[in-house]
1. I need the full set of residues from segment 130-163 which are at pLDDT 95 or above, hydrophobic (A, V, I, L, M, F, W, C) and within 12 Å of the ligand (Cβ to nearest atom), in order please.
2. Look through segment 167-184, keep the residues that are out of contact with any helix residue (DSSP H, G or I) (no Cβ under 8 Å at 6 or more places or on another chain) and either part of a loop (DSSP other than H, G, I, E, B) or not hydrophobic (A, V, I, L, M, F, W, C) (or both), and return whichever of them is surrounded by the most Cβ atoms within 10 Å (Cβ to Cβ).
3. Give the residue, chosen from Gly86, Gly27, that is of a type outside the set (Val, Ile, Thr) and at pLDDT below 95.
4. Being basic (Lys, Arg) and in contact with a Ser or Thr (Cβ under 8 Å, 6 or more places away or on another chain) is the filter here; which residues of segment 46-70 pass it?
5. Mind checking which residues of segment 74-109 are more than 14 Å from the chain's Cα centre (by Cα), touching a residue at least 40 places away in the same chain (Cβ under 8 Å) and in a helix (DSSP H, G or I)?
6. Out of all the residues in segment 43-54, is one or more away from the ligand (no atom under 12 Å from the Cβ), at pLDDT 95 or above, buried (at least 17 other Cβ atoms within 10 Å of the Cβ) and not aliphatic (A, V, I, L, M)?
7. When you go through (1) at pLDDT 95 or above; (2) touching a helix residue (DSSP H, G or I) at 6+ places or on another chain (Cβ under 8 Å) one by one for Asp115, which number turns out not to apply?
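The values are calculated or read from the model by the stated rules, or taken from the named source; none is laboratory data. Note that the structure is predicted; figures quoted are calculated from it, not measured. Every residue, glycine among them, receives a Cβ derived from its backbone with ideal geometry; neighbour counts consider all protein chains shown.
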Amino acid sequence: MEPIVALLGPPGSGKGTQAERLRDRLGFTTLSTGELLREARAADTELGRRAAADMDRGDLVPDDLMVAIVRDAVAKLDGEPILLDGFPRTVAQADALAAALSERGRELTSVVLVDVPDDIVVDRISTRGEGRRDDRPETVRERLRVYHRETEPLVDYYEARGLLRRVDGARDPDAVADLVRAAID
Ligand code: ADP
């Protein structure tokens, strides 16, 4: 059975960078919900328009919208190794993911927490200069608050299910990549 891995971690933890590496080096199909939403906005689709205000405030896009997207995407990836970047982000999304995967006869194989302290997150985002609209300092602080409130409970959720692997995301990208590979092996 091909693996299904989810990357968990605060904004600026480098999930996107690690997701790209796992795609290039290990052949994972990556599903990055933040990227999907930014593309939807750039293309001015219905989804992009619905998500825009939440994204710009640093809030989460509603669960039902995100769950529908991921369920559809997963249904097209039967038999492929999947890497989820930025999903699930709430307990409701995690429950829905388990149900969607089980409909396909699959399940999550591991969840990698890319652990980075808040001060490093703020530092990194303020210096990376990607020009994202949600990278303004007050929005970054809101994204962090939302992370701690909505997403961090998933650490216990997946720990209880024996799926959680922690890696030190404060190290340089190559070192983190090695840790992530070791964690999912
Ligand atoms: P980061 O991890 O740096 O916050 P992402 O690219 O993963 O960046 O997400 C950017 C924004 O997209 C989030 O702040 C949120 O508004 C929206 N988003 C992405 N994934 C989800 C999700 N699973 N549930 C709800 N909103 C999401």
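1. Result: Leu144, Val146, Leu154.
2. The residue in question is Asp178.
3. So the residue among Gly86, Gly27 that is of a type outside the set (Val, Ile, Thr) and at pLDDT below 95 is Gly27.
4. Arg57
5. Passing the criteria: Val74, Leu101.
6. No, that holds for no residue.
7. (2)
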